[in-house]
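Report on the following structure.
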Amino acid sequence: MSDLRVRFAPSPTGYLHIGGARTALFNYLLSRQQQGTFVLRIEDTDVERSTQESVDAILQAMDWLGLACDEGPFYQSDRFDLYRQKVQQLVDEGKAYRCYCTPEELDAKREAAMQEGRKPKYDGTCRHRTDQPDAPYVVRFKLPTDRDETTFNDRIKGPITFRHDELDDLIIQRTDGTPTYNLVVVIDDAEMGITLVIRGDDHVNNTPRQILLYEALGCSVPEFAHVPMILGADKKRLSKRHGATSVMAYQEMGYLPEAMVNYLVRLGWSCGDEEIFSMDDLIEKFSLENVGRAAGVFNPEKLLWLNSHYIKTGDAERLARLLVPFLEAKGINVNNGPDMVPVVKTLQERAATMVEMADSAAFYFADTIDYEEKAKAKFLTVDQKDLFTILIDELQKCERFDEAGLEVAFATIMEKTELKFGKIAQPLRVALTGGTASPSIYHVLEVLGKDVVLQRIERAVTALA
RNA sequence: GUCCCUAUCGUCUAGCCUGGCCCAGGACACCGCCCUUUCACGGCGGCGACGGGGGUUCGAAUCCCCCUGGGGACGCCA
């Protein structure tokens, strides 16, 4: 066990999205690699927007990705007493003060500042007031004046400096007495002994304020690593209009968690020319040093490619289990058909998602085949009658209904019909699967089994036109 | 507007720190060929980038400066 303590701290105001998942992943990987501790903390101080459903969704997504935490989940909503106490402490020490400015006044000032091209920051109106009006107030943290800039050494971006005149007295407690993000994140990271904060780029600007708070609270400052944002194809921040951003939406679309993990980690991180990484590879090879510094564009096509790779190379038994719900979603009764594993094996190198695999597998389980219009018109014609008759005859006689046995049978069929293999396979394929695209015809025959095969050919004969 | 970050093929990136091995490598996508009973898989090949301008240097994708582009932040959200 090393001293490394990292955390993932999502706010439960929605599902776990792609960006959050990557942040969680980086935290997880580093904690495993260093045998550190991975803490999960739910940042639900915004009581209005936080929901239990979101918490559940986030937990479920992390579980799907395989990102188990060592401690937590801790809920900030359980810790309000602690935060109030810390706020009081800061006030008592003269490091924070009550501000009676109304939101309207602040909005107006902010607006005016923007208009004039000034930095829209709090002007410090209440900073020196000594009276205590009987009016609603927030508590502000008094920007320390003992130095005029704050620098931290970001583990990904290097040294970053902010001048204090860019900062203002930030609100740490709302009118309703609840604490705000910048305060609680500091208190909790300190209390939970977090030594390295890995989070999104969008927090870089918060970092100096937070460092100042650590110092005011007398806590040691952790290290920071800010990972770049993920953008959509138009280089705008990734959002719904770029397609699915929810991790679990990808599960529903038939993606494998290992594909998602592999994709996410490679978006912004690299290890030479390697592309394929298992979780174990990543735990061994991941490093903050090789995380890029610029924002990256989410590329669904590469994710899809990785998914097809993992389907292709995945364990058929596991894929068979995963495939069942996708088949059932199509109204297919999987007990009414061939064994799942052989079915999966015929489809692994042809399906990029589990949804696609379910689509392609449907014919195996159909009671009666629906023929595709074009396929039927082209291959189920009356002049195929003789071919199908011979096919029924020879397949009936075929004792070994596997590739080797079928090859022998087909040699005879080719001889009797004087047709090349392709001329036989296509009509047969349509009879068996309803379409012109399917796994190898021998495999289809074998998986379907002699009875079903003969039954389907006979029905096709009645459908010849 | 102000501040912060950032900049290699369309996209993800290697290379940059420790200049020459880079007329820039890999992957996805795209195109072509091959394999082939269909669809795929696979194999081979192609297309395709150091944002611009100044320096420093015998030599710069690599170091420095400026410009430009992109992203982020500027909430009683997190």
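Things worth noting here:
- Rounded if a/c under 1.5, otherwise prolate or oblate - segment A:1-102, Cα gyration tensor axes: oblate
- Summarising the label geometry, the points placed 7 Å from Cα in the beta-carbon direction at A:Asp107 and A:Lys378 lie 6.4 nm from one another.
- Spatial separation of Cα centroids for segment A:1-80 and segment A:267-283, in angstrom: 22
- Modelled spin labels at A:Glu149 and A:Leu419, positioned 7 Å past Cα toward Cβ, are 8.2 nm from each other.
- Shape call, segment A:241-312: gyration tensor on alpha carbons, a/c limit 1.5: oblate
- Förster radius 51 Å - calculated FRET efficiency between A:Ser2 and A:Arg459, Cβ distance, rounded to 0.05: 0.15
- Fully extended contour minus Cα-Cα distance, from A:Arg400 to A:Glu349, at 0.36 nm per residue: 15.8 nm
- For segment A:36-110, the dipole from Cβ point charges (+1 on Lys and Arg, -1 on Asp and Glu) about the Cα centre works out to 400 debye, to the nearest 20.
- Global geometry of chain A, whether rounded, prolate or oblate, following the gyration tensor of its Cα atoms and the 1.5 cut on a/c: prolate
- Taking only protein heavy atoms and a 1.4 Å probe, the accessible area of chain A is 48% carbon and sulfur.
- Rough spin-label spacing in nm, given labels placed 7 Å along Cα→Cβ, for A:Arg174 and A:Leu82: 2.0
- Per residue, the solvent-accessible area of chain A (1.4 Å probe, heavy atoms of protein chains only, all protein chains present) comes to 49 Å².
The values are calculated or read from the model by the stated rules, or taken from the named source; none is laboratory data. As the structure is a prediction and not an experimental result, all values here were calculated from the model. Please note: Cβ atoms are built from the backbone with ideal geometry, for glycine as well, and neighbour counts cover all protein chains shown. Note: areas computed on protein heavy atoms with side chains; ligands, DNA, RNA excluded. Shrake-Rupley method; radii C 1.70, N 1.55, O 1.52, S 1.80 Å.
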